[in-house]
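The values are calculated or read from the model by the stated rules, or taken from the named source; none is laboratory data. Bear in mind the structure is a predicted one, so any value in this text is a computation, not a measurement. With ideal geometry, Cβ positions are generated from the backbone for all residues, glycine too; neighbour counts draw on all protein chains shown. Ligands, DNA and RNA are excluded from the accessible area calculation, which covers all protein heavy atoms including side chains. Shrake-Rupley method; radii C 1.70, N 1.55, O 1.52, S 1.80 Å.
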Amino acid sequence: MPAHFPPPWATRAVPSGTTFGRTIVCGRPTTSSWFVTASALPRLRSQIAVPLETVEAAEIDAAGVAAADRLLAELPGVQVTAATPVGSNLMIRGVGGARVLVLLDGQPTAGALLENRDLSRMSLAGVERVEIVNGPLSSLYGSDALGGVVNIITQLPASGFRVDARALSGGAGRREAEATASGGGRLRYRVTGGWRQEDRIPGLADGGPSAFARVWDFRSRLRFKASDAWDIRATATYLRERQRWPVGGAFSGFNDNAGFSGWVEARRPLGPGAWSGSLFLQEYEHLFRSARGDAPIADAGGATQWERLAKGAAGYSAALGGHSVDIGLEVASRAIQSPDKLIEDWAADRQLALFAQDAWRLGGTVVSGGARLTWNDRWGSNLSPTVGVTRRAGAHVHLRAAVARGFRAPSFKELAWNFVNVGDGYVLQGFPGLDPERSWNVSAGVEWQPASPARIEVEVFSNRIRNLIEPGFVGNAESGLLIFSPRNVADAITRGFEFSLRAVLDRAEFTAGYVYLDAHAVDSGLPLDRRAAHSARARAAWTAEALSGFRLDATAHLTGAAAIIGAGPGGRDARIGTQERFVAIDLQTSIDLGQRLKLMAGVDNLFDARPAGWQGAIERKLRMGLAFEDLFAR
């Protein structure tokens with residue numbers, strides 16, 4: 001289980017100019033960056049061979065977005081698609097859905113076991129940064145990290161006391177507010193509460209006048225220095241969500257979701273390193289109902305689905321000579337209840353995993369390797385290794401290359417479906433003989449930093465995915481209903497290259513990126529559904545301290561045209577349409593009003609571009625808000 005403590009060697013001085021890593025920051029460049037997602041403990045970017053990028057707090061604020069899906073959708077190589085029946089899914093380098101693992105402070109977000117993922121419910125309140133691993137990281141995280149990992153990292157508690165608050169209003173009925181209190185001494189805390197709503201539903205281009213989405217969330221982080229040896233950290237989160245959208249016949253569909261998760265970890269030094277033990281608990285409920293009017297009828301129709309996860313882990317990390325070693329053990333118990341959709345209405349499994357990592361420094365070269373062995377009592381076992389090399393080639397060039405094995409285990413529903421839809425004439429049946437999906441990913445990159453204010457990166461990658469699980473027609477029931485069942489039936493390849501540039505000069509900053517993607521099915525040669533071959537982003541930020549801290553952020557982003565793949569003649573996959581190219585310009589301004597008060601205003605999609613074929617609403621939206629910082633600070 002990944003931890004978020006500085007490693008034992010983190011207190012050593014970092015060499016000047018260590019700025020490797022595609023870290024997107026507003027303001028002056030930093031001298032070093034620790035990354036927590038790509039290793040069991042925080043490590044310098046120069047020790048990490050896998051492609052990784054970071055969106056820092058300043059750019060999150062400048063984006064002015066309501067949730068994680070809209071922030072990530074602006075990044076080159078990342079696309080957001082519609083979930084079923086509503087919601088947002090994520091694709092990284094053409095691989096998405098259940099094949100991208102989304103974490104909050106290093107722990108899985110709720111809804112994945114029920115296949116009820118939705119990034120639109122992931123608030124950015126209190127978030128310090130977002131780290132994105134472009135490619136598989138199953139050697140550390142196991143299943144679902146086949147295509148990549150997104151880790152949303154909230155701010156750590158600090159000493160003293162302060163209160164921050166923010167309120168915002170905008171187009172499409174957007175309203176939101178949040179407040180954060182933090183402080184303490186030996187026991188430090190950070191508590192954030194937020195509320196937001198909008199007259200739009202993620203994944204629907206036009207939900208009509210009845211569309212509505214509202215999210216309440218609560219997040220807290222604690223740190224207790226119990227003694228000179230023991231350090232204890234904990235988090236707790238709670239979320240409640242309602243979505244409403246038209247389903248036909250003057251009826252509206254309602255999703256009511258609620259989830260809680262909690263995590264506690266204890267750490268103490270031991271020999272040349274540190275030992276840690278942790279416990280993670282999570283519960284999530286999902287209820288769908290339909291009714292006329294603005295609210296569903298209480299206790300009428302629908303069956304509550306829930307998922308529960310309990311996970312314990314122990315690990316040891318140490319610096320041994322030129323080695324940075326991490327080893328760990330993880331045990332998990334998982335269960336879901338899904339009435340009328342599973343053979344016995346519920347399913348459960350037990351899981352055991354062992355992982356080990358080593359970063360071996362040899363002068364200017366770091367050789368890293370790791371593996372994770374996972375055993376599950378429903379689908380069997382899997383071994384996921386990774387090997388990488390990073391090397392400094394002179395004072396300004398950094399090289400890296402990695403080979404990684406990814407996998408995704410079959411889900412509860414894929415193994416044990418029993419869903420009958422008489423109206424549409426079909427049955428979904430699970431198949432207990434499914435094998436995990438597996439991939440081999442190869443990537444190589446070069447980073448050139450000719451001067452401290454400028455950095456250029458180029459990366460090439462190829463990911464071959466085998467045993468893709470897809471539902472297919474397997475026969476007819478005695479009643480005449482069509483039977484569909486998942487099978488390991490497909491292979492796919494995603495490959496391409498990335499380019500990025502960053503330059504900082506005094507109070508101005510410029511970043512740009514471009515990604516070319518070739519994503520296609522091996523057997524048919526058809527492109528994968530809605531994977532754009534070209535995506536790009538350019539952003540400029542300027543701050544004028546003399547003008548009351550006035551700040552202007554301008555972002556242009558492009559997502560190229562993409563084929564829409566669906567069922568053609570004879571039920572075979574075919575190109576049935578085109579998702580047209582989308583080019584948008586976003587602006588955000590802020591100015592200090594004094595008394596720790598800041599005014600913010602912005603516009604998304606300035607020229608109101610509305611290309612055909614898109615699954616979500618992309619009209620122009622205005623917003624304005626106020627932020628209070630460091631209230632009651634002491």
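Residue-wise test of (1) assigned to a strand (DSSP E or B); (2) under 21 Å from the mean Cα position of the chain (by Cα); (3) modelled with pLDDT of 95 or more; (4) under 22 Å from residue 119 (Cβ atoms).
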| residue | (1), (2), (3), (4) |
| --- | --- |
| 195 | yes, yes, yes, yes |
| 209 | no, no, no, no |
| 227 | no, no, no, no |
| 245 | yes, no, no, yes |
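Take residue 566 and tell me if it is farther than 30 Å from residue 473 by Cα, under 27 Å from the mean Cα position of the chain (by Cα) and either open to solvent by less than 50 Å² (accessible area, probe 1.4 Å) or hydroxyl-bearing (Ser, Thr, Tyr) (or both). So residue 566 does not fit the description; no.
Is it true that residue 219 is part of a strand (DSSP E or B), among the charged types (D, E, K, R) and open to solvent by 50 Å² or more (accessible area, probe 1.4 Å)? Here the answer is no, as residue 219 does not meet what is asked. For beta carbons closer than 9 Å, sequence separation of 6+ or different chains, a first residue in the range 273-302 that is closer than 24 Å to residue 236 by Cβ and part of a loop (DSSP other than H, G, I, E, B) and a second that is modelled with pLDDT of 90 or more and among the small types (Gly, Ala, Ser), there are no qualifying pairs.
Open to solvent by 20 Å² or more (accessible area, probe 1.4 Å), of a type in the set (Lys, Arg) and at negative phi: does that describe residue 455?
Details: open to solvent by 20 Å² or more (accessible area, probe 1.4 Å): no; of a type in the set (Lys, Arg): yes; at negative phi: yes.
Criteria not met by residue 455.
Please verify whether residue 610 is out of contact with any strand residue (DSSP E or B) (no Cβ under 6 Å at 6 or more places or on another chain), basic (Lys, Arg) and farther than 25 Å from residue 64 by Cα, treating the condition exactly as stated.
Values: out of contact with any strand residue (DSSP E or B) (no Cβ under 6 Å at 6 or more places or on another chain): yes; basic (Lys, Arg): yes; farther than 25 Å from residue 64 by Cα: no.
The answer is no for residue 610.
Using the structure shown, decide if residue 496 is at positive phi and part of a loop (DSSP other than H, G, I, E, B). Judged against the criteria, residue 496 is not a match. Taking the criterion of being surrounded by 15 or more Cβ atoms within 10 Å (Cβ to Cβ) and not in a strand (DSSP E or B), no residue of the range 322-336 qualifies.
The condition of being among the aromatic types (Phe, Trp, Tyr), in contact with a strand residue (DSSP E or B) (Cβ under 8 Å, 6 or more places away or on another chain) and closer than 23 Å to residue 52 by Cα holds for only one of 497, 550, that being 497. Looking for something charged (D, E, K, R), free of Cβ contacts under 8 Å to residues at least 60 places away in the same chain and open to solvent by 30 Å² or more (accessible area, probe 1.4 Å) - is there at least one such residue anywhere in the range 152-173? Scanning the range 152-173, I find no residue that is charged (D, E, K, R), free of Cβ contacts under 8 Å to residues at least 60 places away in the same chain and open to solvent by 30 Å² or more (accessible area, probe 1.4 Å), so the answer is no.
For every residue, the table says whether it meets (1) in a strand (DSSP E or B); (2) over 30 Å from residue 471 (Cα atoms).
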position	(1), (2)
576	yes, no
599	yes, yes
610	no, yes
614	no, no
629	yes, yes
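Could you check the range 337-355 and list, in sequence order, the residues that are touching a Ser or Thr at 6+ places or on another chain (Cβ under 9 Å) and open to solvent by less than 50 Å² (accessible area, probe 1.4 Å)? Spell out how you get there, then give the answer.
Step one: of the range 337-355, the residues touching a Ser or Thr at 6+ places or on another chain (Cβ under 9 Å) are 337, 339, 345-355.
The answer is 339, 347, 348, 349, 351, 353, 355.
On inspection, residue 283 fails the criterion of being surrounded by 21 or more Cβ atoms within 10 Å (Cβ to Cβ) and under 30 Å from the mean Cα position of the chain (by Cα). Scanning the range 516-547 for residues that are closer than 26 Å to residue 613 by Cβ and aliphatic (A, V, I, L, M) turns up 517, 519, 521, 522, 526, 528, 532, 533, 536, 538.
Taking the criterion of being surrounded by 18 or more Cβ atoms within 10 Å (Cβ to Cβ), within 30 Å of residue 341 (Cα to Cα) and not aromatic (Phe, Trp, Tyr), the residues of the range 303-321 that qualify are 305, 307, 309, 311.
Return yes or no: is residue 486 modelled with pLDDT under 95, in contact with a helix residue (DSSP H, G or I) (Cβ under 6 Å, 6 or more places away or on another chain), surrounded by 16 or more Cβ atoms within 10 Å (Cβ to Cβ) and in a strand (DSSP E or B)? When the stated conditions are applied, residue 486 passes them.
Once the range 593-609 is narrowed to residues that are free of Cβ contacts under 8 Å to residues at least 40 places away in the same chain and within 26 Å of the chain's Cα centre (by Cα), the residue that is nearest to residue 547 (Cα to Cα) is 603. When restricted to residues that are out of contact with any strand residue (DSSP E or B) (no Cβ under 8 Å at 6 or more places or on another chain) and either at positive phi or surrounded by fewer than 18 Cβ atoms within 10 Å (Cβ to Cβ) (or both), the range 366-417 contains 3. Within the range 197-207, track down each residue that is at pLDDT below 85 and open to solvent by 30 Å² or more (accessible area, probe 1.4 Å). Correct list: 205, 206.
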